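Working notes, beginning with the structure itself.
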Amino acid sequence: MTTSAVRFEQVSRHFGEVKAVDQVDLEIQDGEFFSMLGPSGSGKTTCLRMIAGFDRPTRGTIHLYGQDVSDLPPYERDVNTVFQDYALFPHMTIDENIAYGLMIKGVSKPERRDRVDEMLDLVQLPGFGYRKPSQLSGGQRQRVALARALINHPKVLLLDEPLGALDLKLRQQMQVELKAIQKRVGITFIFVTHDQEEALTMSDRIAVFNLGKIEQVGTPADIYEKPATPFVAGFVGTSNLISGEVAEKLTGSRQMFSVRPEKIHLGLPTDTPGKDMLSIGGVVRDVVYLGLFTRYLVEAEGGIDLVVVEQNLKTTSMDVLTSKGQKVLLFWHKDHISRVGG
Amino acid sequence: MLNRLSTYLYQRPKLVLGLLLGPPLIYFLVVYIGSLLALLVNSFFRLEEFTGLVVREFTLEQYAKLFTSTNLGIFGRTAGMAIAVTIADGIIAFPLAYYIARFASPRMKTYLYIAVTIPLWSSYLVRVYAWKLILAKEGIVSWFFNLFGLQFVLDGILSIPGIGGSSLSLSPIGMFITFCYIWLPYMIVPIQTALERVPKSLLEASSDLGANAAQTFRNVILPLSFPGVVAGSIFTFSLTLGDFIIPQVLGNSRFFIGQAVYSYQGTAGNIPLAAAFTMGPIVIMIAYLLIARKMGAFDAL
């Protein structure tokens, strides 16, 4: 059996009365791009800080490659962090910032020089070494922070919402780049974010946090297609949650399930859905034309509201707007639902 | 009417700036720089020995007098005291400022802040005379040493040539202690302010990159708070350099710069020499600031 990169065993972190992290068990594999996703205050950042050593668990143990590090200070852990605000040393040049870890370790000057240049190439900032952090843009600082962490060849790289401060274009570009860099250096990345799209784009696996607990761990497809809890269904993408009598009529069980808006087809009341399809009638209450697609709010039988998204393949804004108030039949494949407990 | 004036000013930002800055600027130029220039001019005059009147002729006579061994001694003694007080205050202030900035709860912070500045609310003279009593031969410090049978330690300290004396209140050591106490708040506040401006994430980053507490202090905390240390040292250094009351109330009969200036412009009526003496601390301060700048003290501002 291979040892996992990071293992949480019943880890709790309390701040006074607040249970920031509550009895979390978690295993992160070596070489994974692992995301911790959740709203603010869900405990994801606290978990990251406990791996880095800035915080210590109130209870439970954390293992790094089989070693119990729960009580080790940050400087004795083989992990490095890319901070949300980058935390570059303002009084040092970019070179000095990147070389900081090596300087502390007592690596010789010529070797430091070589490795810093190598890192500057990796993050595509050659020739920037003599500048001060204040002379760099947000995206460039981000790269320097990455280089400063990676130069130490950590076993695990921790990234605390590193793309949060960048604008959308730059963020998307950095997402691709980060993923590429991770493939190249081959180390475990643990990425904290509240942006579900970011997590879905980059991760091998995702842990969804809520109120100090992990709701679900899985691949992006798992998380999206088969949300395990109502929270995951609602937080990652949008979802229709159906329970009670309506659920019983559709599936034969009152247990709550979720179905994604894009999985639902909008048909005429006269349509006959094929077998393996679940269907329910309704009336279009609202239509939002969004260019690429249109969002319909349908009041279905049983008085529940369902959101349906359809791509505007053949329709125009004029077409879709006339559908308001019309009777429709909604249908979707029975495999496209996910039981979300309860 | 008021609206029209408001609009008029709104359209002329330069006029607003002029109105706002004008009065303080004029004050600064006339009262502040002007008096310094008057001082400088006076230092080039001389005193007629018989009449005791100031002769308004250009001469370097006063500056030549500064370079006699007695006067050089005064400069050396004062500068030495200023350096010693600055270093001691820096060493005492830093941990305290660090605690206030990093660890104290907001409530505690307020209390400590008041505790640090509260001595400034009482008269400087009262505090100096209080220290004279504390350090006197029959004072509480002496009593304390006696209580534990440590009189010999105090005697040992007081017998150190150059800085010792017959009692703490009559020795340079006592003067040093009083100076350190009096100027300490001026060192704590700037350092604390500088430390507050160092983001916690920088300390975490340093630790994350393998630095232990001592390495983080040397490589991150100290360089980033150094402007605060320099700002504080400018206060403690220049205030010690110019003070004439503490050397008079405490210490021995050896003069400090402030006393020399005081006595020359007072009873002796030798304004030109007093003016020349004053140029001493100014030159020393300018040299101090230049050295501080060279050491990069202002880079992080």
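Observations
- Scattering curve values for the stretch A:6-235, log₁₀ I(q)/I(0), Debye with Cα scatterers, q = 0.07, 0.08, 0.12, 0.18 Å⁻¹: -0.22, -0.29, -0.65, -1.36
- Under 5 Å between amide hydrogens, built in the peptide plane, is the criterion, and for B:Gly251 it picks out B:Leu170, B:Ser171, B:Met175 among residues at least 5 positions away or on other chains.
- With the highest mean first, a sort of the peptides A:143-155, B:153-165 on other beta-carbon atoms found within 10 angstrom per residue produces A:143-155, B:153-165.
- 3J(HN,Hα) from dihedral phi, the stretch A:79-91, Karplus parametrisation 6.51/-1.76/1.60, rounded to Hz, x for glycine, proline: 10, 10, 10, 9, 7, 4, 9, 6, 6, 6, 6, x, 8
- Looking at chain A, the DSSP beta bridges with both ends there are about 75 percent antiparallel.
- Among beta bridges that DSSP assigns inside the protein assembly as shown, antiparallel share in %, nearest 5: 75
- Residues listed by number, the stretch A:108-152, amide nitrogen under 12 Å from A:Asp167 label point at 7 Å toward C-beta: A:138-139
- Amide H to amide H distances under 5 Å link A:Arg285 with A:Leu297, A:Val298, A:Glu299, A:Gly325, where only residues 5 or more positions off or on other chains count and H is placed in the peptide plane.
- Inter-probe distance in nm under a simple model that places probes 7 Å from Cα toward Cβ, at B:Arg4 and A:Ala180: 6.7
- The share of alpha-carbon pairs in the stretch B:158-299 lying farther apart than 24 Å comes to 51%.
- Take A:281-289, A:85-93 and order them by the average number of nearby Cβ atoms within 10 Å per residue, most first; the result is A:85-93, A:281-289.
- Base-10 log of normalised Debye intensity for the protein assembly as shown (one unit scatterer per alpha-carbon) at q = 0.09, 0.10 Å⁻¹: -0.96, -1.06
- DSSP loop chymotrypsin sites (Phe, Trp or Tyr not before Pro) with at most 14 other Cβ within 10 Å: longest gap in chain B: B:149-297
- Taking amide H atoms as placed 1.01 Å from N in the peptide plane, the amide H of A:Phe209 lies under 5 Å from those of A:Leu37, A:Gly38, A:Glu215, each 5 or more residues away in sequence or on another chain.
- Principal semi-axes in Å for the stretch A:258-342 [√(5λ), Cα gyration tensor, largest first]: 21, 14, 13
- Overall dimensions of chain B, expressed as equivalent-ellipsoid semi-axes from the Cα gyration tensor (√(5λ), whole Å, largest first), are 36, 35, 19.
- Taking a straight Cα-Cα cut-off under 13 Å and skipping sequence neighbours fewer than 8 places away in the same chain, the aspartates and glutamates within cross-link reach of A:Lys132 are A:Asp95, A:Glu96, B:Asp299.
- Rounded to the nearest whole Hz, the Karplus-based 3J(HN,Hα) values (6.51 cos²θ - 1.76 cosθ + 1.60, θ = phi - 60°) of the stretch A:167-181 follow the sequence 6, 3, 4, 5, 5, 5, 5, 5, 4, 5, 5, 4, 4, 5, 5, with x at glycine and proline.
- Among the listed pairs A:Lys44/A:Lys183; A:Lys155/A:Lys226; A:Lys263/A:Lys324, those beyond 22 Å (Cα-Cα): A:Lys44/A:Lys183; A:Lys155/A:Lys226
- In the calculated pair-distance distribution of the stretch B:1-148, the portion above 19 angstrom amounts to 81 percent of the Cα-Cα pairs.
- Residue (of B:Ile118, B:Tyr129, B:Pro161) at the positive-pole extreme of the stretch B:80-179, dipole from beta-carbon charges: B:Ile118
- Evaluating 6.51 cos²θ - 1.76 cosθ + 1.60 at θ = phi - 60° for every residue in the stretch B:155-166, the Karplus couplings come out as 4, x, 5, 6, 8, 5, x, x, 10, x, x, 6 Hz, glycine and proline recorded as x.
- Note on chain B: helix-only mean residue ellipticity at 222 nm, from DSSP H runs of 4+ residues weighted -39500 (n - 2.57) and normalised by residue number, equals -21500 deg cm²/dmol.
- Local net charge near B:Gly251, Cβ-Cβ under 12 Å (Lys/Arg +1, Asp/Glu -1): +2
Just so you know, all these numbers are worked out from the coordinates, no wet-lab data involved. Computed from a prediction, not measured in an experiment: that's the story for all the values here. Methodologically, a virtual Cβ is constructed for each residue, glycine included, from the backbone with ideal geometry; neighbour enumeration extends over all protein chains shown.
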